[in-house]
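Each reported figure results from applying straightforward, stated rules to the coordinates on display, with no laboratory input. Keep in mind the model is a prediction, meaning the values are calculated, not measured. Every residue, glycine as well, gets a Cβ built from its backbone with ideal geometry; the counts of neighbours run over all protein chains shown.
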Amino acid sequence: MGALSWWHWAIVLVVLVVLFGSKKLPEAARGVGRSMRIFKSEMAEMANDGDDKSKAGEPRELTARDQDVDVNVTVTDETQKSDEIKKSAEIKKSA
């Protein structure tokens, strides 16, 4: 009773064809295949991110893959700007 036999799968296939039509099923299968490829590549990329040779404390150059920041700005530039803002805030507080 646990496993599905071949005629169970045949019934499932007939129901899918009736519900979605024979034209939509190959498109859906292609979409699932693309999604799986993207998922696998992202998982591999995440695994490789931990293998970076750069140390966490070292500044790094931002790349085009960092979508939420300007590519032409380095991390050290942002650190220097934040230090300048802190110094100017301290000067205003002491005045």
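Take the Cβ-Cβ distance between His8 and Ala28 as r, set R0 to 35 Å, and report the resulting FRET efficiency rounded to the nearest 0.05. Show your work: numbers first, answer last.
Values: r = 21 Å, r/R0 = 0.59.
The formula returns an efficiency of 0.95 here.
Please give the net charge around Ala29, taking every other residue with its beta carbon less than 14 angstrom from that of Ala29, where Lys and Arg add +1 and Asp and Glu add -1. Provide the component values of the computation, followed by the final result.
Values: positive: Lys23, Lys24, Arg30, Arg34, Arg37; negative: Glu27.
Around Ala29, the surrounding residues sum to +4.
What's the extension gain from Ser35 to Ser94 if we count 0.36 nm per residue and subtract their Cα-Cα distance? Present the calculation step by step, with values, prior to reporting the outcome.
Working: separation 59, 0.36 × 59 = 21.24 nm, distance 5.71 nm.
Additional length available on full extension: 15.5 nm.
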